1. Residues of the range 127-145 being farther than 14 Å from VAL161 by Cβ, open to solvent by less than 70 Å² (accessible area, probe 1.4 Å) and over 20 Å from the mean Cα position of the chain (by Cα), which ones?
2. Report the residue count in the range 196-227 for those that are surrounded by fewer than 17 Cβ atoms within 10 Å (Cβ to Cβ), assigned to a loop (DSSP other than H, G, I, E, B) and within 15 Å of ligand 2 (Cβ to nearest atom).
3. Those residues that are open to solvent by 40 Å² or more (accessible area, probe 1.4 Å) and of a type in the set (D, E, K, R), I need them from the range 262-278; list them, please.
4. Out of curiosity, is LYS174 of a type in the set (Lys, Arg), touching a residue at least 12 places away in the same chain (Cβ under 8 Å) and part of a helix (DSSP H, G or I)?
5. Looking at (1) touching a Pro at 6+ places or on another chain (Cβ under 8 Å); (2) within 15 Å of ligand 2 (Cβ to nearest atom), which one does ASP277 not meet, given that it meets all the others?
6. Identify the residue in the range 23-48 that is part of a loop (DSSP other than H, G, I, E, B) and within 14 Å of ligand 2 (Cβ to nearest atom) and, among all such residues, is surrounded by the fewest Cβ atoms within 10 Å (Cβ to Cβ).
7. I'd like the full set of residues that are in a loop (DSSP other than H, G, I, E, B), more than 16 Å from ligand 1 (Cβ to nearest atom), more than 24 Å from LYS221 (Cβ to Cβ) and of a type outside the set (D, E, K, R), limited to the range 121-171.
8. Could you tell me which numbered condition ALA2 fails, if it satisfies all but one of (1) within 16 Å of ligand 1 (Cβ to nearest atom); (2) aliphatic (A, V, I, L, M); (3) part of a loop (DSSP other than H, G, I, E, B)?
Amino acid sequence: AAEPKYLTGDKAALNEFIDKFDTFLFDCDGVLWSGDHVYEGVPETLHLLRSKGKRTVFVTNNSTKSRGEYAKKLNGVNIPSDVEDVFGSAYSSAVYISRILKLPVGKNKVFVIGEAGVEKELASEGVPFIGGTDENFRRDITPADFEGIADGSLLDPEVGVVLCGLDFHINYLKLAHGLHYLRRGAIFLATNIDSTLPLHHDLFLGAGSIMMPLANASGQKPLELGKPSQAMMDAIEGKFQLDRSRTCMIGDRLNTDIKFGVEGKLGGTLHVQTGVDKKKDWQKKDAIAVPSFYVDKLSDLRHAA
Ligand code: PLP
Ligand code: CA
């Protein structure tokens with residue numbers, strides 16, 4: 001692959017970059033903001049791109065929030081948006097289950113390991129589910145649970161899918177239910193496989209780490225539906241009628257965002273230095289993905305004419 005082109009401070013290169021694309025797919029955390037802190041100049045950068053007629057789509061692996069909640073967050077930081085501008089891994093998972101898997105009634109229930117964002121998107125697609133934020137699963141496992149899970153009397157025979165996202169209330173009881181649905185043939189899905197979750201300038205456990213006990217115990221690997229899964233890219237292409245050659249993915253993580261754009265054969269990928277991975281990570285010989293462009297920070301794009 002060609003050496004990534006550095007755009008920061010180079011007005012001619014910035015203009016050429018922007019002219020190459022009609023649509024920009026934005027990763028959110030690490031590009032637009034870090035947690036609740038919006039990076040300086042980001043709303044103005046989005047405004048500039050939109051004033052040039054560019055379409056802006058927000059593509060996040062965060063499954064804890066629904067698209068509606070994400071749109072609210074974007075509006076709250078002066079990036080006017082609606083639900084249809086957002087594509088999240090919870091939505092991607094719900095669409096995959098309802099429109100691709102199309103499981104028969106009686107075997108179409110989802111056992112959720114995850115938070116309310118997953119539940120909201122499943123509900124909006126009309127997919128039945130159990131688990132999730134249900135208080136009955138937020139407790140210690142008992143001897144009766146072990147027995148009832150093993151003999152199936154505590155399992156719902158309609159469950160055909162185990163969907164695992166980031167769950168801040170993960171516990172042995174939920175994992176035991178998840179494992180036993182998998183052992184009975186349920187399809188194993190993951191909203192995303194980010195190993196870590198960046199918070200407060202440090203790293204915590206991401207959805208990919210919450211899912212690992214189930215993968216380990218079942219010996220199965222989940223089908224993942226967030227970035228870099230091309231199932232998500234296909235769904236985005238279908239929904240927004242993308243011309244991939246005129247689309248650029250902007251992100252901070254090589255193994256999710258940049259890989260997503262490279263494997264999706266987009267016209268370009270732009271790496272920012274404000275998130276998890278840095279320039280030194282794609283400069284390594286065995287880099288998982290290499291971007292075609294890079295800037296120090298997203299707002300550097302404002303220096304285009
Ligand atoms: N998953 C969770 C639960 C998160 O909170 C975040 C970031 O806020 C992410 C994933 C990564 O999101 P993104 O793909 O926008 O960087
Ligand atoms: Ca990110």
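1. Step one: list which residues in the range 127-145 are farther than 14 Å from VAL161 by Cβ, which gives 133-145.
Still in the list and also open to solvent by less than 70 Å² (accessible area, probe 1.4 Å): 133-134, 137-138, 141-142, 144-145.
Correct list: ASP134, PHE137, ARG138, ILE141, THR142, ALA144, ASP145.
2. Here the count works out to 1.
3. Correct list: GLU263, LYS265, LYS278.
4. In short, yes.
5. For ASP277, the failing item is (1).
6. As a first pass, look at the range 23-48 and keep what is part of a loop (DSSP other than H, G, I, E, B): 27-28, 30-32, 35-36, 39-41.
Those left that are additionally within 14 Å of ligand 2 (Cβ to nearest atom): 27-28, 30-32, 35, 39.
On the way: ASP27: 26, CYS28: 22, GLY30: 21, VAL31: 24, LEU32: 25, GLY35: 12, TYR39: 19.
Among residues in the range 23-48 that are part of a loop (DSSP other than H, G, I, E, B) and within 14 Å of ligand 2 (Cβ to nearest atom), the one surrounded by the fewest Cβ atoms within 10 Å (Cβ to Cβ) is GLY35.
7. Selection gives GLY126, PRO128, ILE141, THR142, GLY152, SER153, LEU154, PRO157.
8. (1)
The values are calculated or read from the model by the stated rules, or taken from the named source; none is laboratory data. Just so it is clear, the structure is predicted and the values come from calculations on it, not from any experiment. Heads up, the Cβs are rebuilt from the backbone with ideal geometry, glycines too, and the neighbour counts pull from every protein chain shown. Ligands, DNA and RNA are excluded from the accessible area calculation, which covers all protein heavy atoms including side chains. Shrake-Rupley method; radii C 1.70, N 1.55, O 1.52, S 1.80 Å.
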